[in-house]
Amino acid sequence: MHLAYANRNTFREGITPGKPHVASLEVWTSTDGRKQTERKLHFPTTERTYILAPDDILHVESVSNYSRIHLQDGKSIFLARTLKRIEHQLPGHLFIRIHRSHIVHLTEIISVSKTEVELKNGTTLPIARSQYKRVMAILSD
C-alpha cells in the first residue's frame, strides 16, 4: 500500500501540496478472486497518518479550528483541521452536516427530533433548525 500526503517538502504527480489525499486501494475478494476498489480516507497528524474507510466513521465534531473524528470502535482522532476541510474530504452521499459543529454518517442515525439526532451507539447530537427539513428529506429517500 502506498501512502501519499503532500506537504511543503514533497510533491507527487496528481497530489496538491498541503491537501488531504483520498486513495483507492485494490482489495482482493476471497470468494471469487476478483478485485474490488475501496476508497480509503487519509487523515495525517503530526504522529501518524490514519487510513480509514468511510464506514469506520460515526461522526465528526468541531472543536474550534480542530476536529475530532469519532470511530465505530469507540476511539477518536483529534486533527488540526477545520470541520469544513474534513467535510470536503468525506463522500457527500454518506455524510451530512447537521449543525455547524457536527457531521454525521447517514447510516448511523436512528432517530431525529427538531432539536437533536440520535445515533446507533446512543450518542445524541444537536441539529440546527435550518438543517432539520434537509435531514428529514435525505433520510426519507
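The values are calculated or read from the model by the stated rules, or taken from the named source; none is laboratory data. This one's a predicted model, so the numbers in the text were calculated from it and none came from an experiment. Every residue, glycine as well, gets a Cβ built from its backbone with ideal geometry; the counts of neighbours run over all protein chains shown.
Tabulated results
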read-out	value
Output for the stretch 107-118, where each listed residue is in contact with a strand residue (DSSP E or B) (Cβ under 6 Å, 6 or more places away or on another chain) and in contact (Cβ under 8 Å) with a residue 24 or more places away in the chain	GLU108, ILE109
Filtered residue count, the stretch 119-141, keeping only those that are without any contact (Cβ under 8 Å) to a residue 40 or more places away in the chain and assigned to a helix (DSSP H, G or I)	11
Selected residue [exposed (fewer than 12 other Cβ atoms within 10 Å of the Cβ) and either closer than 21 Å to LEU41 by Cβ or of a type in the set (Ser, Thr, Tyr) (or both)] from LYS114, LYS75, LYS133, LYS120	LYS75
The stretch 39-50, subset loosely packed, with under 15 Cβ neighbours inside 10 Å and within 27 Å of ARG97 (Cβ to Cβ), residue modelled with the lowest pLDDT	ARG39
Restricting the stretch 71-92 to residues that are polar (S, T, N, Q) and farther than 12 Å from HIS59 by Cβ, the residue that is farthest from the chain's Cα centre (by Cα)	THR82
Meets criteria (at pLDDT below 95 and loosely packed, with under 12 Cβ neighbours inside 10 Å) for GLN36	yes
Tally of residues being crowded, with 17+ Cβ neighbours inside 10 Å and outside any helix (DSSP H, G or I) across the stretch 78-105	12
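Matching residues to (1) of a type in the set (S, T, N, Q); (2) farther than 15 Å from LEU71 by Cα; (3) touching a helix residue (DSSP H, G or I) at 6+ places or on another chain (Cβ under 6 Å):
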{"residue": "SER101", "(1), (2), (3)": "yes, yes, no"}
{"residue": "LEU106", "(1), (2), (3)": "no, no, no"}
{"residue": "THR115", "(1), (2), (3)": "yes, yes, no"}
{"residue": "GLU118", "(1), (2), (3)": "no, yes, no"}
{"residue": "ILE127", "(1), (2), (3)": "no, yes, no"}
{"residue": "SER130", "(1), (2), (3)": "yes, yes, no"}
